[in-house]
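Q: Take a look at this one; I'll ask things after.
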Amino acid sequence: MKESRVWAGEAPEVQGMDLTERRCNRSWNALDASSSHPLSNEAQDLTGTIETIQQSFEQIIVIDSADVEIVTTDTQAALSVQVALQAAIALVISISIADSDRAERITQDLLGRLRSSQVNRQQTYVENSRGVRITTTDTDLVVNIQLLLQVLVALLVRIGIL
Amino acid sequence: MAGNFKKQQDSLARTSMDLLINELFKKHGVKMSKPKLSAREKRELQNLVKDLKKNVENLTKNIEK
């Protein structure tokens, strides 16, 4: 087993969460009805929640733990690859179809059919643990990206570039 | 066995993608024509696809683990 590393800095601030009560009562107990879950946020209204979804797709909170390994997909990076693929598809269609109006309509139609329905919001909370390995991925988004790549390759094969 | 299944899935994805693209072009009444591109432009497009593939592979690594 690897050597444990203990972080001993200031207590972290977590956006959208009030940790004051938690700090007083320390750990959360699933069997105690009076203790509130660290990620429950009853005070926040729906608008607040939607804003959080737009600002941060993923939240991983690790408290009082050691040897925690986290592997995660950067959703922002995935979104930018998605946009790059969409642009490349639009480019290939526009250079291979002379009528630009039709090319645009086809691009809209094609990308409309392949649109991913939503971006996932993930919250992971690890407390008082050792030797935890977390791997998170926004599967919907990544599958959509794979699909777009396949479409791009199929189009390029048709026009003899690949 | 797992490799066979993956191959089968890949070919299914390719076939359905081809059908989708065919149907879409038929609906809009157009045919794709080979564009007149210089060797440099072709190379640029091929490099773009290569880079995009690499990016997608990096993102999918987590899922396949």
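The values are calculated or read from the model by the stated rules, or taken from the named source; none is laboratory data. Everything quoted here is computed from the prediction, not taken from an experiment. For neighbour counting, all protein chains shown are included, and Cβ atoms are generated from backbone atoms with ideal geometry for every residue, glycine included.
Q: Of (1) over 26 Å from A:ILE63 (Cα atoms); (2) modelled with pLDDT under 90; (3) of a type in the set (Val, Ile, Thr), A:THR124 satisfies all except one. Which?
A: Of the numbered conditions (1) over 26 Å from A:ILE63 (Cα atoms); (2) modelled with pLDDT under 90; (3) of a type in the set (Val, Ile, Thr), the odd one out for A:THR124 is (1).
Q: Okay, moving on. Go over the candidates B:LEU52, B:LEU59 one by one and state the one that is at the interface with chain A (Cβ under 7 Å from one of its Cβ atoms) and within 14 Å of A:GLN150 (Cα to Cα).
A: It is B:LEU52.
Q: Moving to a separate point now. So A:ALA98 clears everything in (1) surrounded by 15 or more Cβ atoms within 10 Å (Cβ to Cβ); (2) among the hydrophobic types (A, V, I, L, M, F, W, C); (3) farther than 14 Å from A:ILE60 by Cα except one condition, right? Which one?
A: Looking at each condition in turn, A:ALA98 falls short on (1).
Q: Go through segment A:125-134 residue by residue and tally those that are loosely packed, with under 13 Cβ neighbours inside 10 Å and not charged (D, E, K, R). Can you show your working first?
A: Taking segment A:125-134 and keeping what is loosely packed, with under 13 Cβ neighbours inside 10 Å, we get A:128, A:130-131, A:133.
Now restrict to residues that are not charged (D, E, K, R): A:128, A:131.
Qualifying residue count for the region: 2.
Q: Would you pick out the residues in segment B:12-49 that are under 16 Å from A:ARG113 (Cα atoms), within 9 Å of chain A (Cβ to nearest Cβ) and loosely packed, with under 13 Cβ neighbours inside 10 Å?
A: Residue satisfying the conditions is B:LYS27 alone.
Q: Scan segment B:22-32 and tell me whether some residue there is without any contact (Cβ under 8 Å) to a residue 60 or more places away in the chain, part of a helix (DSSP H, G or I) and of a type in the set (A, V, I, L, M).
A: Keep residues of segment B:22-32 that are without any contact (Cβ under 8 Å) to a residue 60 or more places away in the chain, which gives B:22-32.
Imposing the further condition that a residue be part of a helix (DSSP H, G or I) reduces the set to B:22-28.
Adding the requirement that they be of a type in the set (A, V, I, L, M) leaves B:24.
Yes, the conditions are met somewhere in segment B:22-32.
Q: Just to be sure, is A:LEU114 modelled with pLDDT of 85 or more and within 20 Å of B:ASN22 (Cβ to Cβ)? Break it down into steps so the answer makes sense when it comes.
A: Working: modelled with pLDDT of 85 or more: no; within 20 Å of B:ASN22 (Cβ to Cβ): yes.
Against the criterion (modelled with pLDDT of 85 or more and within 20 Å of B:ASN22 (Cβ to Cβ)), A:LEU114 does not qualify.
Q: Go over the candidates A:THR124, A:THR135 one by one and state the one that is within 10 Å of another protein chain (Cβ to nearest Cβ) and part of a strand (DSSP E or B). Walk me through how you get there before you give the answer.
A: Values: A:THR124 fails: within 10 Å of another protein chain (Cβ to nearest Cβ).
Among A:THR124, A:THR135, only A:THR135 is within 10 Å of another protein chain (Cβ to nearest Cβ) and part of a strand (DSSP E or B).
Q: Okay, moving on. Could you tell me whether any residue of segment A:94-107 is at pLDDT 85 or above and more than 30 Å from B:LYS50 (Cβ to Cβ)?
A: yes
Q: While we're looking at this one, here's another question. Kindly provide the set of residues from segment A:123-151 that are touching a Ser or Thr at 6+ places or on another chain (Cβ under 7 Å) and over 30 Å from B:VAL49 (Cβ atoms), ordered by number. Give the steps one after another, and end with the answer.
A: Step one: filter segment A:123-151 for residues touching a Ser or Thr at 6+ places or on another chain (Cβ under 7 Å), giving A:124, A:126-130, A:132, A:134, A:136-138, A:140-142, A:144, A:146.
Within segment A:123-151, A:THR124, A:VAL126, A:GLU127, A:ASN128, A:SER129, A:ARG130, A:VAL132, A:ILE134 meet the criteria.
Q: Okay, next question. When only residues in segment A:101-114 that are facing another protein chain (nearest Cβ under 7 Å) and of a type in the set (A, V, I, L, M, F, W, C) count, which is surrounded by the most Cβ atoms within 10 Å (Cβ to Cβ)?
A: A:ILE106
Q: Looking at segment A:64-81, can you tell me whether even one residue there is modelled with pLDDT of 90 or more, in a helix (DSSP H, G or I) and within 11 Å of chain B (Cβ to nearest Cβ)?
A: yes
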